[in-house]
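For reference, the structure discussed in these notes is given below.
Throughout, read-outs are computed from the coordinates displayed, never taken from laboratory work. If you're wondering where the values come from, they're calculated on a predicted model, not measured in any experiment. Neighbour counts run over all protein chains shown; Cβ positions are idealised from the backbone, glycine included.
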Amino acid sequence: MLLVEDNPTDVFVIKEAIERSGLNLNLRIARNGQEALLYLQDLAGSEKPSCPALVLLDLNLPKVGGIEVLRHLRSSSLCSRTPVIVVTSSTAETDRAAVRHLGAEAYFQKPTSLSAYMELAEVVKRILRPGEEDGESQR
Amino acid sequence: MVAQPHWASEAERFRTLYQLLAALSRASTLQDVYTVTLTSLLDATGVDRAAILLFDDDGVIRFKASQGLSAEYQAAVTGHSPWPRGTRDAQSLVAPDVLVDESLALYRELLLREGIRAIAFVPLALDAGVFGKFMLYYAQPHECTTEELEIANAMAAHVALAIQRKQLETAGLHLAAIVESSEDAIISKDLNGNITSWNRGAERTFGYTAAEVIGKPVSMLAAPDRLDEMPEILSKIKQGLRVEHYETRRRRKNGEIIDVALTVSPVRDAAGRIIGASKIARDIRDRKRAEQERALLLSREQEARRTAELLNQVAPRVLAQLDLEKLVQEVTGIASTLVGAEFGSFNTDLPAPTFRGEGVVRRDDVTQDPGYGKSSPELGMPKEHLPVRSYLAAPVKARSGEILGGLFFGHSVPAKFTEAHEAIITGIAAQAAIAMDNARLFEQSQWAQAELKRSNEELRRANQDLEVFAYSASHDLQEPLRTISLSAQIIERNFGQRLQGEDSTLLGNILAASNRMGALIKDLLAYTRATKYEEGPAPNVDSAGILAKVLESMWGALEETGATVTTAELPMVAIHEGRLAQLFQNLISNAIKYRSKEVPRVHVGADERDGWCVFSVADNGIGIEAQYAEQIFGLFKRLHGRDRYPGSGIGLAICQRVVEQYGGRIWLEQSTPGGGSTFCFALPSRTR
């Protein structure tokens, strides 16, 4: 799983929430948009190309923004169908609209309460294992 | 028995006739003639009753003189005559006894009552026939003798002549009086053109007395240029023609030439031969003068009308021109054409002497000016220009009285400009003044508008910048705050149990402060969103429908507190729907939040006046002290502790920003601590 996030506290909290939820995932972290793009580029050039199972994507990122990363991903030949959960503190309607348009699987508003991050883990679970818990994917 | 006249002898009859003739020749009036005749008749016939009757102009025969007849009798027989008026060769008639005369049967009783038994009718006649009669009355039956009738007829013949002569005399005098008193000059002349009569009107008109002109040729009255008219008029008269209403000129004694209207008619003698001419001359100097004055007035009026028409044609072109420079060109161009000037200009640096006076200056020839040559060039015109001999100049005065400049029109020919041109120039100068005033005002307002637009644009940009700044600032504040909060939460979770005393309190403070700051930032964001201008003009919306939606969304809060919200009839109002919802939401939320111990009751009303719609939201809550009525609208203003009433104090500030964006106003209408509050806000009732 790829987590694109520049805030170390968010990285810490998200990583912890995923771990605590019992998901056993190899978490690859990109600290900004450019790093994420480079990583995807490397994947495409590797001997056995494989996409991440899921991308958790912040929008407000240094160098290359999250929207740009999403657009790139969706237009790439390799990972255009990789599920993406946008994890952001933005409440702007323009951001929501852009994300919806580019086809992200979910839009998760960063909470201020620590316990609320466990909900993100629930969303991840639903997308990775559809039908396992309540049979509904949150697309 | 037949009474015999006492004058049987012929000699006596003749004597009576002579006496009558003598008396008639002495009679000076018609009445004298009648009296004398009646006396002679009584004398000559020996009867004691007789009468003279004459036909008047109306054709009725009436008594002129009588002896011994009652008024009743006279009245009864007036109008009776055996011969109609004008009968020729009428003969005397005698009724010897009225008792047996059947022709008098109708009058018999009347005659007998008057004591008349016999009656004689003697006609008074001339060439034109019967014009009257003598009447002789006898008390006894009476046969008239031949002699009697002869003398009566003879007397009748003389009396008829005498009466006619007297009548003619009277008529002639009357005519003479008319002629003499006429205002008009009435002159007669013979066929040689010599003056034969001259009335007082002629004296007045021509200044000569009758003595000065009678016998002199009428040509002495002709104006020098009209001498040849006289023979012409005379030749027409000789042909028997009239000359009527002939207007010409004549010379008075003092040499003055006067306008007269003539009517000249031929004068004939009894045989119809033309023997001269009568001329009526009327002095028409007054009429001529009036005619000339009228013609002058008419031409002036026509000229004024032409000028007005010209100016009316010019006005739209001049007044529509708002560009000052083009306006000046237009005005001088049009005016030059209208007055036929070779040179036209509008000067703002005025030659001082030109406009000392108030109005137009017109010079026929500048070379005749005393100052000519001393101050050159005369009016500051280009040297290569034609030399100006005549000119017209008019000041252009603004409404303020300020002289904006002068219109100047010149021509190389002297006396080129007239009074009419002056009028045109005056009019054009007045129009130019108005147009220039307008153009200046227009320029000023254009400038002011541009300035206003520019500063509006600046303001809008500044507002926009501020919005962007506030939004991103509050957003960027949120991120580090969230990091602080999350970090503190992790520490609390991992180490909370192990922290003791003060450490635990301090961590709690961090968490509480970051929560509060989060709420503040959220409200600040809401506030900046509320200050953001909505796109487009405010639509007309149904406030009742919007309120219903707001109440629906607040269902939870209302249910929880048991609050009731009542509404009056609410109008259409010009505002964006979301904004009005925000206003209702905030005010009703406050009404419920600041409730007293009673169950909250809220009433929303509205009142339309003077193009404004005033909404009111009244509650039965805790109320507000009067001193805070203004303060409550301030950003982050709170009157109560956070522990009692949550919130950051942004609601009313947002409301104020919203109504102000629509040019409206919000205020605390009424409030008493513990007795509830009423908030009002005014919005334009419709898009005007």
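Considering all different alpha carbon pairs of chain B, the Kirkwood hydrodynamic radius works out to 40.9 Å.
The calculated FRET efficiency for B:Glu180 paired with B:Ile214, based on their beta-carbon distance and R0 = 25 Å, is about 0.95.
Expressed in Å, the radius of gyration and Dmax of the Cα atoms of region B:95-253 are 28.2, 82. Applying the Karplus relation 6.51 cos²θ - 1.76 cosθ + 1.60 with θ = phi - 60° to region B:112-122 yields 3J(HN,Hα) values of 5, 5, 7, x, 10, 9, 9, 8, 10, 10, 10 Hz, where x marks Gly and Pro. Counting every alpha-carbon pair across region B:182-274, the share separated by more than 23 Å comes to 18%. Taking amide H positions as modeled 1.01 Å from N, with prolines and chain starts lacking one, the residues under 5 Å from B:Val565 and 5 or more places away or on another chain are B:Val602. Residues B:Trp667, B:Trp198 in ascending order of nearby Cβ atoms (within 10 Å, fewest first): B:Trp667, B:Trp198. About its Cα centre, the dipole of the protein assembly as shown is roughly 1180 debye, where the only charges are +1 on Lys and Arg Cβ and -1 on Asp and Glu Cβ.
The residues B:Trp83, B:Trp555, when put in order of fewest to most other Cβ atoms within 10 Å, stand as B:Trp555, B:Trp83.
With N the number of residues in the protein assembly as shown, Rg(Cα) / (2.2 N^0.38 Å) evaluates to 2.34. Under a 5 Å amide H cut-off, with hydrogens placed 1.01 Å from N, A:Ile29 pairs with A:Leu3 among residues at least 5 apart or on other chains.
Karplus-derived 3J(HN,Hα) values for region A:109-117, using 6.51 cos²θ - 1.76 cosθ + 1.60 with θ = phi - 60°, are 7, 4, x, 9, 9, 4, 4, 5, 5 Hz; glycine and proline are entered as x.
The amide H of B:Gly132, built 1.01 Å from its N in the peptide plane, has B:Phe55, B:Leu124 as neighbours under 5 Å, considering only residues 5 or more places off or on other chains. What the phi angles of region B:670-685 give under the Karplus curve with 6.51, -1.76 and 1.60, with θ = phi - 60°, is a coupling list of 7, 6, 10, x, x, x, x, 10, 10, 9, 10, 9, 10, 9, x, 6 Hz, glycine and proline written as x. Here B:Glu303 and B:Arg226 are evaluated by their C-beta separation; at R0 = 35 Å the FRET efficiency comes out at 0.60.
Only alpha carbons enter this Debye calculation for region A:2-128, each as an equal point scatterer, and the log10 of I(q)/I(0) it gives at q = 0.09, 0.11, 0.12, 0.17 Å⁻¹ is -0.22, -0.34, -0.41, -0.85. Note on region B:10-175: semi-axes of the ellipsoid equivalent to its C-alpha gyration tensor, largest first and rounded to whole Å, are 25, 19, 14. Helix-only mean residue ellipticity at 222 nm, chain B, DSSP H runs n ≥ 4 weighted -39,500 (n - 2.57), per residue, nearest 500. What is it? Estimated from H runs of four or more residues: -15500 deg cm²/dmol. Region B:27-42 and region B:204-282 have Cα centres spaced 44 Å apart. Among A:Lys15, B:Lys238, the ranking by other beta carbons within 10 Å of each residue's beta carbon, starting with the fewest, stands as B:Lys238, A:Lys15. Here the contact order of region A:2-128, divided by its residue count and restricted to Cα pairs under 8 Å and six or more residues apart, works out to 27 percent. Legend: Rg and Dmax of region B:594-688, from Cα coordinates, 14.1, 46 Å.
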